[in-house]
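Down below is the structure, laid out as structure tokens.
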Amino acid sequence: MIGLLARWLGLAVLCLIAACGENPPAPPPGGGPALWRVEGKGVDGWLFGTIHILPDGVEWRTGPIKEAIGRADRLVLESAGIQDQAGTLAQFERMGRSPGLPLLETRVPAGDKAALEEIVENGGTNTQTLSAYKDWAAAMLLSAAAQQALHVSQDHGVEPALIATFGKAGKPISGLETVERQFRAFDTLPPDAQRRLLVDTVREAKEMRRLYDHILNAWIRGDLATLARDGRLGETPDPVVEQAVLVDRNRDWVKSVETLEGRPFIAVGAGHLAGKDNLVDLLRAGGYRVTRMQ
């Protein structure tokens, strides 16, 4: 399920991992991260697939992306609330905590307890602290703890760079949804789906580096087919989780796009633009002309 988290989480403050290799990948000649033109219903803008965390030194701003950013009259993110890290964390604490929960180590099978202990020990946390969180929230925090063991940074994502660029230009920044809506997608999952998310996070934490390398290299090439495939690591996705965290949010985003006018630069996680019921297909079904530019 690590692949599912990596593909679906749109939360800059809780992103999973970032590689810090000495030779960061570069866009191929004539290509780069996926970019579309979106036209119709008063909109003449762009749709860009982001990656929330990047190694330092990755130059993803190709010519077409720079031109689109320059011509756009506003930035539209998954949630404008990611600019307020303190507010995002406060919302996570309000929704993710619950009194009287079982100890975290009792929520995973006996055979997975050693892996759980390794994650918390290497990540500088403990199961007593994490026991105060619901299964979905504990899964996110365990992912963040596993990140610490990789000695990586989360300061180089696409969204912070876009926010800085549009902010400097004095252009407005908004979101397709709220941070609360993002967390609610996980918080309203049935208990058994939340528990599977927690257990799979523990079991697949060691795969984080390999997964991220696949995702990063596919993203920089604009290879959406690989993003959709490698985001799952070959697992069968939980249809309940997929519906709530991916499909339902994509459908809500189409409704938000319908409120836009002018030349928006819409930037969402690239995982939302690949696979079943992706945002590109839903926008086309909603009457927009969506043309791949890169």
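Rule-based calculations on the coordinates, nothing more; no lab input. Owing to the predicted nature of the structure, the values given are computational and were not obtained by experimental measurement. All Cβ positions, even for glycine, are placed from backbone atoms using ideal geometry, and neighbour counts span all protein chains on display.
Computed packing ranks the peptides 95-107, 275-287 as 275-287, 95-107, most packed first, by mean other Cβ atoms within 10 Å. Binning the C-alpha pair distances of region 2-292 at 10 Å intervals from 0 yields a P(r) profile of 6, 29, 37, 21, 7, 1 %, listed from the shortest bin outward. Annotated for the chain: lysine pairs at least 8 residues apart or interchain, Cα distance under 21 Å, count 6. In the chain, the calculated helix contribution to ellipticity at 222 nm averages -13000 deg cm²/dmol per residue, counting -39,500 (n - 2.57) for every DSSP H run with n ≥ 4.
Neighbours of W253 by Cβ distance under 13 Å: Lys/Arg scored +1, Asp/Glu scored -1, total -3. Largest GNM mean-square fluctuation among A274, A132, A161, using the chain with Cα springs under 10 Å: A161. Karplus-based coupling profile of region 276-282, in residue order and whole Hz: 5, 6, 6, 5, 4, 5, 5, with θ = phi - 60° in 6.51 cos²θ - 1.76 cosθ + 1.60 and x standing for Gly or Pro.
Take every DSSP beta bridge whose two residues both sit in the chain; close to 45 percent of them are antiparallel. Take A169, project a point 7 Å from its Cα along the Cβ direction, then tell me which residues of region 68-84 have their backbone nitrogen under 17 Å from it. So the set is 68-78.
In region 182-224, inverting the average of 1/r over every pair of distinct C-alpha atoms gives 12.4 Å as the Kirkwood radius. Report the far tail of the P(r) of region 43-84, meaning the percent of Cα-Cα pairs longer than 12 Å. Here the long-distance tail beyond 12 Å is 70 percent of all Cα pairs in region 43-84.
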